[in-house]
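Undergrad: Below: one structure in structure tokens.
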Amino acid sequence: MRTIFLHLHPQKVNASALRINRTFGLGGMAALLIAVQLLTGILLRFYYIQNPASAYDSILFLKNNVLFGQFVRNIHYWSGVFLLMIAFLHFLRVFFTGAFRGSRRVNWWFGLVLLLLIVFANFTGYLLPWDQLAYWAITVSTNIIGYLPLAGDALRTAIIGGRELNGSTLQNFFNFHTAVLPLLMVVLVIYHFWRVRKSGGIMLPGTPDNSEMVPVMPYLVFREFIAALVLLAVLFATSALFNAPLLEKANPVYSMNPTKAPWYFAGVQELLMHFHPFFAAFVIPLLVMLFLICIPLIKIDDTQEGHWFISERGRQTAKSTAVFAIAVTLAGIFFNAWVMNFEIMLPGVPAWISNGIFPAVILLVLMAAFFYFHLNRKMLTKAELVQAAFVFIMMAFIVLTVVGVFFRGKDMELVWPWNV
Amino acid sequence: MKSPQQHPEPPTPVITRRDFFGLAWKGLGILAAVEVLGMIISFIFSGKNKNSAPPKQLLEAGPVDSFAKNSVCAFMGGRFYLARQQDGGFIALSLRCTHLGCSINWEENKKRFICPCHSSAFDISGEVLNPPASRALDYYPVLIEKGVVKVDIGTLKERKTTGKDQFTYA
Ligand code: HEM
Ligand code: FES
């Protein structure tokens, strides 16, 4: 075991690679949380029953009759939340230190796949308790798939095995959750680590020979050990204080108000409140994915690699773009909710124009103006421009998610978080 | 070429035998992978595809006269609302909101269906009163035999808007 673990490490690493603000240890934390998920998930499987008639009761039994049942369930729940957040932060870290070009780009792509797998693991797990929260969140999310052009309806029917959630949905989700996705993830994580070594360790700025090499054992391993202990302590404390949610048993004829998608899809759901589903659930996510996939293929002058935010100017631009993105997204949300709604305002026009092309054009005009009057004046390099685009997308996504999770209450109206 | 002998070189073919077999093996490998993938996909989905036409499943709702005009009666077991229009026509409206599939509720005082998820509203015929829903409610065919209203809950029909032919009259 020890040798396997050490084999994932090189013999020696660069001393400056150990500085905490290089990586914040995020990748390692994600790996640890995946291990926690595997362990607690296998424990949960000793009690969980995957059919609609007994799933909910098996969770109740776990809560009420099993020693540490509630605690193990809480750990699995919170670790899933932490894992997604930390994997997302890890992805931001990799982007902002420019560690995705050259031979590292393969790992960028596999990292994107891993991020998706983690989202799907969370999503498939969400249904398993078969309570009202699970049932309706998954109903709403899978119905979004139905809006995809051409194959949407068939795809949705295939995924849930029928017209509405039923026993085969639960069996599909359970199997993906406890077999397919964990297996894929373990394989990819090992490959991911191996590729980091193959690219000569983590990204460092400038020429590496300005600092000494230190042996991995004990320097790196000891730090990893401390980071792991702290993370586990935070995770266990959270799990001891806050229970994983469990509402009444799923009731297909009674919907909850409001019904929200799981929190990581709250951004997409918020987008759905403002855009025609074809744009919100298909065009926009697809373009974002395409952008993320293509980022490492953009040819740039690579002298600035490894510096946080590329340069001082890059940092400034990233800040102003973030502010712009927050302002535009919030303004769009409020404008659409309170001032005017194009679909209601233009009743004769097809929804995909009034609620699709129309707001998209307005948004593009605003972005073009920002580019022309602000970014263009700063004589940015290509890399800095790409970074600005990335900051815009991520900030908009974060704002949409926060609004969707914390500011949408009854009837999906905008409310203060304490009224949600 | 390793051989030191001095005899005229045969013209180098564009594809050597070795290249050819290499390619052939690769092609076979890809073919095999595609086949296995196809097998896995059809294995997973063929047994679960509920798209094939479901059998007719008649649910008896009750005698025509027991439903007042301009009123709605919930049949939660059949997952529909039996709505009788002002002109006496019957329609069995699916419980599912056409936006994202939540269960709608009938509000008697406002004579409309309201969806608790994102507040779409529909009138008694299933027509959209309020977005985000963009399609009228789905419905099940209604038959009236010997004065008894029956609903075919095996056949769900989708529609864009309400049309005269969707209602059944006694
Ligand atoms: C990265 C991997 C994983 C993530 C992100 C994840 C996430 C989740 C989430 C969010 C839930 C719902 C919790 C709730 O709402 O109560 C859940 C439930 C569950 N998971 Fe996982 N999981 C992962 C891996 C696993 C593995 C490997 C197994 C088993 C081999 C497993 C077994 C289960 C079981 C049995 C449940 C139902 C019990 C419950 O809902 O508390 N999970 N998972
Ligand atoms: S599901 Fe009914 S309004 Fe969204």
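The values are calculated or read from the model by the stated rules, or taken from the named source; none is laboratory data. Fair warning: this is a prediction, and the values are worked out from it, not measured in the lab. With ideal geometry, Cβ positions are generated from the backbone for all residues, glycine too; neighbour counts draw on all protein chains shown. For accessibility, only protein heavy atoms count, side chains too; no ligands or nucleic acids. Shrake-Rupley method; radii C 1.70, N 1.55, O 1.52, S 1.80 Å.
Undergrad: Here's a check for you: in segment B:79-92, which residue that is more than 13 Å from B:A61 (Cα to Cα) and touching a strand residue (DSSP E or B) at 6+ places or on another chain (Cβ under 8 Å) is farthest from ligand 1 (Cβ to nearest atom)?
TA: B:G89
Undergrad: Just checking: which of the helices (runs of 4 or more DSSP H) contained wholly in segment A:46-133 hold 3 or more residues that are in contact (Cβ under 8 Å) with a residue 60 or more places away in the chain and farther than 26 Å from A:I293 by Cβ?
TA: Per the criteria, A:55-65, A:69-96.
Undergrad: Which condition breaks for B:N109 when tested against (1) surrounded by fewer than 18 Cβ atoms within 10 Å (Cβ to Cβ); (2) facing chain A (nearest Cβ under 8 Å)?
TA: Of everything listed in (1) surrounded by fewer than 18 Cβ atoms within 10 Å (Cβ to Cβ); (2) facing chain A (nearest Cβ under 8 Å), B:N109 misses just condition (2).
Undergrad: Something else about it: Which members of segment B:112-138 meet the condition of being in contact with a Lys or Arg (Cβ under 9 Å, 6 or more places away or on another chain), part of a strand (DSSP E or B) and open to solvent by 30 Å² or more (accessible area, probe 1.4 Å)?
TA: B:V128, B:L129, B:N130
Undergrad: Against the condition within 14 Å of chain A (Cβ to nearest Cβ) and open to solvent by less than 80 Å² (accessible area, probe 1.4 Å), how does B:A68 come out, does it pass?
TA: Considered against the rule, which asks whether it is within 14 Å of chain A (Cβ to nearest Cβ) and open to solvent by less than 80 Å² (accessible area, probe 1.4 Å), B:A68 comes out as no.
Undergrad: Mind counting the residues in segment A:364-420 that are among the hydroxyl-bearing types (S, T, Y) and part of a helix (DSSP H, G or I)?
TA: Number of matching residues: 2.
Undergrad: Hey, can you tell me all the residues within segment B:92-114 that are within 19 Å of B:G77 (Cβ to Cβ) and more than 10 Å from ligand 2 (Cβ to nearest atom)?
TA: Those that are within 19 Å of B:G77 (Cβ to Cβ) and more than 10 Å from ligand 2 (Cβ to nearest atom): B:A92, B:L93, B:S94, B:L95, B:N105, B:W106.
Undergrad: With respect to A:I75, is the statement that it is open to solvent by less than 20 Å² (accessible area, probe 1.4 Å), modelled with pLDDT of 90 or more and not small (G, A, S) true?
TA: The answer is yes for A:I75.
Undergrad: Regarding A:T317, is this residue part of a helix (DSSP H, G or I) and at pLDDT 85 or above?
TA: For A:T317, the condition - part of a helix (DSSP H, G or I) and at pLDDT 85 or above - is not met.
Undergrad: Do the conditions hold for A:T329, that is, is it modelled with pLDDT of 85 or more, under 20 Å from A:F279 (Cα atoms), surrounded by 15 or more Cβ atoms within 10 Å (Cβ to Cβ) and polar (S, T, N, Q)?
TA: Yes: the conditions hold for A:T329.
Undergrad: Still on this structure: Which of the residues spanning segment A:134-159 are open to solvent by 20 Å² or more (accessible area, probe 1.4 Å) and more than 10 Å from chain B (Cβ to nearest Cβ)?
TA: Selection gives A:I145, A:L148, A:P149, A:L150, A:A151, A:L155.
Undergrad: Taking the condition of being more than 14 Å from chain A (Cβ to nearest Cβ) and at negative phi, how many residues in segment B:86-106 meet it?
TA: The number of residues fulfilling the criteria is 6.
Undergrad: Return the only residue of A:L286, A:L246 being at pLDDT 85 or above and not in a helix (DSSP H, G or I).
TA: The match here is A:L246.
Undergrad: Oh, and also: If you go through segment A:241-288, how many residues are within 14 Å of chain B (Cβ to nearest Cβ), in contact with a strand residue (DSSP E or B) (Cβ under 7 Å, 6 or more places away or on another chain) and either open to solvent by 50 Å² or more (accessible area, probe 1.4 Å) or closer than 19 Å to A:V361 by Cα (or both)?
TA: Counting residues in segment A:241-288 that are within 14 Å of chain B (Cβ to nearest Cβ), in contact with a strand residue (DSSP E or B) (Cβ under 7 Å, 6 or more places away or on another chain) and either open to solvent by 50 Å² or more (accessible area, probe 1.4 Å) or closer than 19 Å to A:V361 by Cα (or both) gives 1.
Undergrad: Next question, about the same structure. Collect the residues in segment B:142-161 that are surrounded by 19 or more Cβ atoms within 10 Å (Cβ to Cβ) and part of a loop (DSSP other than H, G, I, E, B), keeping them in residue-number order.
TA: Selection gives B:I153 alone.
Undergrad: Shifting gears a bit: Answer with yes or no whether B:R135 is away from ligand 1 (no atom under 16 Å from the Cβ) and within 11 Å of chain A (Cβ to nearest Cβ).
TA: yes
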